[in-house]
Amino acid sequence: MKTLSIQTTFNFSEALLDWYEKHGRKDLPWQQSVTPYQVWVSEIMLQQTQVNTVIPYYVRFMQRFPDIAALATAKLDEVLAYWSGLGYYARGRNLHKSAQIIYHEFDSELPADLEQLQRLPGIGRSTAGAIMALAFHQRQAILDGNVKRVLSRFYAVNDWPGRPQVEKQLWQWAEALLPNKDLAKYTQAQMDLGATLCTRSRPDCQRCPLQSHCLAYAQNTVSDYPRPRPKKTVPVKHVQWLVVENTHQEILLMKRPGTGIWGGLWCFPEFTDADMESVCQRLQIPISETLSLTPFQHIFSHFKLNIQPLKMTLAHALTVIADKPDRIWVKISAAEKLALPAPVKALVRQL
Ligand code: SF4
């Protein structure tokens with residue numbers, strides 16, 4: 001890369017640490033009396049989610065699950081209920097699974113080892129690096145979305161950062177730029193810079209401590225980086241949700257299988273064809289007329305889901321049909337307390 005030489009004289013980490021001392025965030029809930037458990041939970045919650053959204057969830061979660069033992073011995077359903085609304089529920093399931101492994105195999109102590117951390121469900125290389133640096137003050141790099149964006153601009157990387165060979169190069173830079181001390185501060189500084197100055201849209205280059213050596217800034221091409229993912233068409237799936245209400249103002253919810261989209265959460269019965277007879281047979285409810293509610297779309301990272309809700313009001317309480325482990329009749333007013341994915345919660349609120 002022709003421009004790398006101009007950066008050799010620049011002390012990247014020193015500039016970042018100086019900036020962090022003056023402008024970094026030091027009052028986040030997980031930065032108070034730091035424990036490895038706090039760091040871990042916060043890092044998992046912060047994956048794909050912004051700090052301001054995470055804070056109330058984190059506080060509630062910590063009040064209920066203050067340590068690894070509390071989390072490991074809790075029911076998954078309850079953990080997911082505390083996660084409900086944060087999205088990307090595999091994170092909550094993996095957190096619970098990992099807590100059980102740590103509880104049984106590591107005497108409730110997070111291992112201070114990069115390799116062992118990465119063997120735990122839900123902990124990738126960057127999260128393991130963050131835990132090592134923030135909780136154990138070890139010299140390990142991170143490469144989350146913020147750092148990828150900063151480095152892509154700083155080095156004007158002319159390719160999508162998700163491409164394996166580009167990612168490999170970014171890791172090499174992230175490691176080469178590490179300071180010899182203040183690893184926790186440096187790690188937090190990188191996250192803060194990406195979240196507050198070198199933001200996705202409208203980065204505030206005038207206040208950036210890296211500006212004097214940032215290639216994208218020098219070339220006046222900041223908005224060109226990071227390079228986007230090469231386009232591919234996003235598949236669209238179509239499903240129907242059956243919103244069955246009985247005469248007790250209860251609705252029928254089904255628990256999704258443990259793996260896959262919304263695994264372990266409660267949803268309306270879902271089907272992909274209009275064969276209402278077999279759907280009702282499967283649900284053990286009499287066939288009744290349905291009313292089409294307003295359809296809506298939910299967007300996942302790898303596909304779009306078009307949802308057509310159909311309302312069916314039963315003329316009976318259906319008390320003969322007992323709840324089963326994977327289905328439940330629940331009062332509309334109480335349904336929100338269950339672990340529900342966001343679109344189900346939104347639909348329940350409209351009922
Ligand atoms: S100068 Fe601008 S583009 Fe470059 S790292 Fe700083 S904020 Fe990001």
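The values are calculated or read from the model by the stated rules, or taken from the named source; none is laboratory data. Remember, it's a predicted structure, so these values are computed and weren't measured experimentally. Every residue, glycine as well, gets a Cβ built from its backbone with ideal geometry; the counts of neighbours run over all protein chains shown.
Would you call Leu117 within 16 Å of the ligand (Cβ to nearest atom), surrounded by 17 or more Cβ atoms within 10 Å (Cβ to Cβ) and assigned to a helix (DSSP H, G or I)? First the steps, then the outcome.
Details: within 16 Å of the ligand (Cβ to nearest atom): no; surrounded by 17 or more Cβ atoms within 10 Å (Cβ to Cβ): yes; assigned to a helix (DSSP H, G or I): yes.
When the stated conditions are applied, Leu117 does not pass them.
Out of Lys232, Lys185, report the one residue that is more than 8 Å from the ligand (Cβ to nearest atom) and without any contact (Cβ under 8 Å) to a residue 12 or more places away in the chain. Give the derivation first.
Working: Lys185 fails: without any contact (Cβ under 8 Å) to a residue 12 or more places away in the chain.
Matching residue, one of Lys232, Lys185: Lys232.
Only helices (runs of 4 or more DSSP H) wholly contained in the range 141-228 count here; list those with 2 or more residues that are surrounded by fewer than 16 Cβ atoms within 10 Å (Cβ to Cβ) and at pLDDT 95 or above.
Those helices (runs of 4 or more DSSP H) span 164-176.
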Task: Candidates Glu270, Glu289, Glu250, filtered to the one that is surrounded by 13 or more Cβ atoms within 10 Å (Cβ to Cβ), among the charged types (D, E, K, R) and over 23 Å from Arg93 (Cα atoms) - done: Glu250
- [ ] With the condition kept exactly as written, say whether any residue in the range 252-267 is within 16 Å of the ligand (Cβ to nearest atom) and of a type in the set (Lys, Arg).
- [x] no
- [ ] Look at the range 19-46 and say how many of its residues are surrounded by 17 or more Cβ atoms within 10 Å (Cβ to Cβ), of a type outside the set (D, E, K, R) and either under 19 Å from Leu95 (Cα atoms) or at pLDDT below 90 (or both).
- [x] 11
